[in-house]
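Take this structure, written in structure tokens, and hold onto it; I'll ask about it next.
The values are calculated or read from the model by the stated rules, or taken from the named source; none is laboratory data. None of these values were measured; they are calculated from a predicted model. All Cβ positions, even for glycine, are placed from backbone atoms using ideal geometry, and neighbour counts span all protein chains on display. With ligands, DNA and RNA removed, areas are computed over all heavy atoms of the protein, side chains included. Shrake-Rupley method; radii C 1.70, N 1.55, O 1.52, S 1.80 Å.
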Amino acid sequence: MSAGPRRQFASDNYAGICPEGWAALAEANVGHDQPYGEDRWTSRACDLLRDLFETDCEVFFVFNGTAANALALAALCSSYHSVICHRSAHVETDECGAPEFFSNGTKILLADGQDGKLAPAAVEELVLRRSDIHYPKPRVLSITQASELGTVYAIDELAALGEVARRHGLRVHMDGARFANAMATLDVAPRELTWELGVDVLCFGGTKNGLSVGEAVVFFNRELASEFSWRCKQAGQLASKLRLLSAPWVGLLESGAWLTNARHANDCARRLATRLAELPGVNVLREPQANAVFVDLPEAVVVGLRDRGWRFYDFIGGDGYRFMCSWDTGDEEMDALIGDIKSL
């Protein structure tokens, strides 16, 4: 059998399922089990997430990150409310209006902050800008951890945002598509980045960290999870054979691969950034804190790399070119990429 296409740096979505997830999926595929989440695999995955976060949270599994974010935000607010997020946040730039659609029209308000991270003052300015009935009432603060620009909120930064949210009665949603990468960087207990700082719901990404499909929606505020199962069903997110979506989570969590995979991807990004910074004409825009490297490249190099089959993104907002490392990124493809940039 062919070794398949070479590994790319466009997105961690390019990578396949990791061995631990694959093994659990194969085991769950033997014999019959109950449908619609009544199976032992889904129950085990939920319990493992409760153990991980050291709290009795409510857990749901959905197909992808768009559904996770959109349905979670819809559960936190009504149609006349607004959600505050960073202007580069995925819920604003890459969800095709899904948060607004599933919440029946909730307004997204955009705040600024350096390096993709919300500034508390910018959040507060939006909350206090108006309080009249003609303005969509701020109800949710959405934080992306790690950010779209590959940066990670430190505990004190999250605490400052949490304080603003509590003072103004905002619920807190965390888009954690790359939460594992943030955990690998900060090396603290998961509770210290979530419910201890006032996060109400976390959309915990599995697809970008070694799973084939499936995100976990984790409600630390259990009251807000009321009737969330019905939201999932109505939105087409209740898998009949849910065990085949949840079982790989068991493989990731029981083995610790969820964190090992993230550490590997982060380490590859740091090494790639170091090697790129040594090349003339290449400007690394910021030190990577997760698994993404952002660089400025000469246009001739960009064209040449794409002619040679390399895939990478021009990032939103003109923030250079993004090279993303994955759980399975290796030295061979890193050497090949660096070699091609040198030759160009």
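Quick one: is K233 modelled with pLDDT of 95 or more, under 30 Å from F60 (Cβ atoms), of a type in the set (K, R) and more than 22 Å from the chain's Cα centre (by Cα)? Write out each step before concluding.
Details: modelled with pLDDT of 95 or more: yes; under 30 Å from F60 (Cβ atoms): yes; of a type in the set (K, R): yes; more than 22 Å from the chain's Cα centre (by Cα): yes.
When the stated conditions are applied, K233 passes them.
Of the residues A235, A265, which single one is in contact with a Leu (Cβ under 7 Å, 6 or more places away or on another chain), in contact (Cβ under 8 Å) with a residue 60 or more places away in the chain and under 28 Å from S88 (Cβ atoms)?
Answer to the check: A235.
When segment 185-211 is examined, which residues are found to be farther than 18 Å from A74 by Cα and of a type in the set (V, I, T)?
Within segment 185-211, T185, V188, T194, T207 qualify.
Please find, among R263, R286, R271, the residue that is assigned to a helix (DSSP H, G or I), open to solvent by 20 Å² or more (accessible area, probe 1.4 Å) and closer than 19 Å to R322 by Cβ.
The match here is R271.
Mind listing whichever residues of segment 47-68 are assigned to a helix (DSSP H, G or I), within 26 Å of E196 (Cβ to Cβ) and out of contact with any Ser or Thr (no Cβ under 8 Å at 6 or more places or on another chain)? Spell out the reasoning first.
Let us first name the residues in segment 47-68 that are assigned to a helix (DSSP H, G or I), namely 47-53, 65-68.
From what is left, the residues that are within 26 Å of E196 (Cβ to Cβ) are 47-53, 65, 68.
Within segment 47-68, D47, L48, L49, R50, D51, L52, A68 meet the criteria.
In segment 174-198, which residue that is in a loop (DSSP other than H, G, I, E, B) and either modelled with pLDDT under 95 or open to solvent by less than 10 Å² (accessible area, probe 1.4 Å) (or both) is farthest from E157 (Cα to Cα)?
So, considering only residues that are in a loop (DSSP other than H, G, I, E, B) and either modelled with pLDDT under 95 or open to solvent by less than 10 Å² (accessible area, probe 1.4 Å) (or both), the one farthest from E157 (Cα to Cα) is D187.
What is the number of the single condition among (1) open to solvent by 40 Å² or more (accessible area, probe 1.4 Å); (2) over 27 Å from A15 (Cβ atoms); (3) not basic (K, R) that L170 does not meet?
Just one mismatch for L170, condition (1).
Then there is this: Test A74 against the stated conditions and say whether it is modelled with pLDDT of 95 or more, open to solvent by less than 30 Å² (accessible area, probe 1.4 Å), in contact with a Phe, Trp or Tyr (Cβ under 9 Å, 6 or more places away or on another chain) and closer than 25 Å to A225 by Cβ. Can you show your working first?
Numbers: modelled with pLDDT of 95 or more: yes; open to solvent by less than 30 Å² (accessible area, probe 1.4 Å): yes; in contact with a Phe, Trp or Tyr (Cβ under 9 Å, 6 or more places away or on another chain): yes; closer than 25 Å to A225 by Cβ: yes.
Yes; evaluated as a whole, the condition is true for this residue.
Among the residues of segment 112-131, write down those that are part of a loop (DSSP other than H, G, I, E, B) and open to solvent by 60 Å² or more (accessible area, probe 1.4 Å).
D112, R130, S131
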